[in-house]
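Asker: Before we start, here is the structure in question, set down as structure tokens.
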Amino acid sequence: MTKAAVRAHTNIALIKYWGKADETLFLPMNSSLSLTLDGLYTDTFVEISDTFTEDQFYLNDVLQSPEETAKISRFLDLFRNKAGITHFIQVKSINHVPTAAGLASSASAFAALAGAMNRATGLNMDLETLSTYARRGSGSATRSLFGGFVEWQKGTSSEDSMAVPVDDASWDIGMVIIAVNKSAKKISSRIGMKQTVETSPFYPAWVASAEEDLLAIKKAIKARDFEKVGQITEHSAMKMHGSMLGAETPIIYFEPDSIKAIHAVRALREQGILCYVTMDAGPNVKVLCRLSEAGKIKEMLREYFSEEQLLISGPGQGIRPLTAQ
Ligand code: DP6
């Protein structure tokens, strides 16, 4: 097969990945765990042909610069080398996620590209092995190959730092995403985590507590204890941002509206509605909640945010093939 198309959904980490042990291989300092989301995804079409004279990368129908394409080419090389292919490749990606707004668009993007390359080259690796390839595009992409709750086990090498499915999340769970600011983030995750690892005195505490939180959240997921899952999620996000505040220079992704959202969620909890916040490398706030209560929570958040800023999402599925064009 020389053409393939794959859809991958984005994921939001409940136990965050923050910090690399190896920057080239994208090996993380700690294991992480996420929820794959419905409705936010990337569709990627690849074509391998001896008629191409260079790699081409189109994002949302726009041909990307040589610099952007070079990043993609390096990723494609992982598959070319493994499959013994030397041809150039055309990649067309359509993002159904606000790009670079802290909604982990790189996760769905590299998961979809890995999935499409796996099919187009005929390598047909199993998803766990494929996740070790997706990882080399962006760490969070490792987890987007699977649906539901997914663990990225940090492993001991490039071969075993992989994603494994934990639970299909087919229970009452979802998220309300508060798009505080849809414009591109100011400090990339890559730079932000490097600065935190190298300069924050709180960083070792982050790594130690992430491992404990991972064990606790897996237990809570197994028991379907939503309250516990939510508490651990919110605490993990705040600890990650705490480690960033200790960096030199401090990394601050919070904006005034992020803080407003956090307090609004606390107020909802005081009214007996179980919901918990998490935030990534950007100002947007994601509210983990019962999917059955998401509509009500969204209505209540309308006091502070516009209809366009609020998005409900349920659990999403893993990568799946699309009809190649
Ligand atoms: C805060 O996966 O975007 O969203 O591996 O450098 O591409 P790179 O970073 P990326 O980092 C994600 C960080 C996070 C937490 C998470 O998703 O686990």
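Where a number appears in this text, it was derived from the coordinates with a stated rule and is not lab data. Being a predicted model, the structure only gives us computed values, none of them experimental. Cβ placement follows ideal geometry from the backbone for every residue including glycine, while neighbour counts extend to all protein chains displayed.
Asker: State, as an integer percentage, the relative contact order of segment 51-140 based on alpha-carbon contacts under 8 Å between residues 6 or more apart.
Answerer: After rounding, I find 30 percent.
Asker: Using the 10 angstrom Cβ neighbour count as an exposure proxy, how do T24, T199, T142 rank, fewest first?
Answerer: Least crowded to most crowded, the residues run T24, T199, T142.
Asker: If you don't mind, there's one more thing I want to ask. How many angstrom separate the Cα center of segment 269-325 from the Cα center of segment 118-150?
Answerer: 25 Å
Asker: Now a separate question. Give the residues of segment 74-95 whose amide nitrogen is closer than 17 Å to a point set 7 Å from the Cα of T2 in the direction of its Cβ.
Answerer: Hits in segment 74-95 for T2 at 17 Å: 80, 83-92.
Asker: FRET efficiency for Q231 and I252, Cβ-Cβ distance as r, R0 = 22 Å, nearest 0.05?
Answerer: With a Förster radius of 22 Å, E is 0.35.
Asker: Ok, one more. Distance in nm between label sites at R302 and H87, each 7 Å beyond Cα in the beta-carbon direction?
Answerer: Placing both labels 7 Å beyond Cα along the Cβ direction yields 5.2 nm.
Asker: Considering only C-alpha atoms, what is the centroid distance from segment 212-261 to segment 15-87, in Å?
Answerer: What the calculation gives is 27 Å, centre to centre.
Asker: Can you tell me the length gained on complete extension of the stretch I94 to E54, counting 0.36 nm per residue apart and subtracting the Cα distance?
Answerer: The span from I94 to E54 would gain 12.4 nm if fully extended.
Asker: Right, next: Pull out a ≥ b ≥ c, the square roots of the eigenvalues of the alpha-carbon gyration tensor of segment 178-325, then state rounded if a/c is under 1.5, prolate if not and a/b is larger than b/c, and oblate in the remaining case.
Answerer: rounded
Asker: If we count other beta carbons within 10 Å of each Cβ, what is the order of I232, I312, I251, fewest first?
Answerer: I312, I251, I232
Asker: Now a separate question. From the mean inverse distance of alpha carbon pairs (Kirkwood) and the Cα radius of gyration, derive Rg over Rh for segment 113-152.
Answerer: Rg/Rh for segment 113-152 comes to 0.95.
Asker: Estimate the FRET efficiency between Q271 and M238 by the formula 1/(1 + (r/R0)^6), using the beta-carbon distance for r and 35 Å for R0, to the nearest 0.05.
Answerer: 0.95
Asker: While we're looking at this one, here's another question. Reachable lysines from K219, Cα under 30 Å, same-chain residues fewer than 8 places away excluded?
Answerer: Within reach: K16, K20, K154, K228, K239, K286, K296, K298.
Asker: Using only Cα positions of the chain, each an equal point scatterer, no hydration layer, compute I(q)/I(0) via Debye at q = 0.06, 0.07, 0.09, 0.13 Å⁻¹ and quote the log10 values to two decimals.
Answerer: Rounded to two decimals, the profile gives -0.19, -0.26, -0.44, -0.92.
Asker: Just the Cα atoms of segment 141-251, one point each, no solvent: what log10 I(q)/I(0) does Debye give at q = 0.10, 0.17, 0.20, 0.21 Å⁻¹?
Answerer: Taking Cα atoms of segment 141-251 as identical point scatterers yields -0.37, -1.08, -1.34, -1.37.
Asker: What number comes out for the charge environment of I48, summing +1 per Lys or Arg and -1 per Asp or Glu over other residues with Cβ under 12 Å away?
Answerer: Overall, the nearby charge balance is 0.
Asker: At K219 and S158, where each label point lies 7 Å from the Cα along Cα→Cβ, what is the point-to-point distance in nanometres?
Answerer: Roughly 3.7 nm, to one decimal.
Asker: Taking only C-alpha pairs under 8 Å that are 6+ residues apart, what is the relative contact order of the chain in percent?
Answerer: Averaging sequence separation for qualifying contacts and normalising by length gives 25 percent for the chain.
Asker: Rounded, prolate or oblate: which fits segment 197-276, taking a ≥ b ≥ c as square roots of the Cα gyration tensor eigenvalues, rounded meaning a/c under 1.5, else prolate when a/b beats b/c?
Answerer: Verdict is oblate for segment 197-276.
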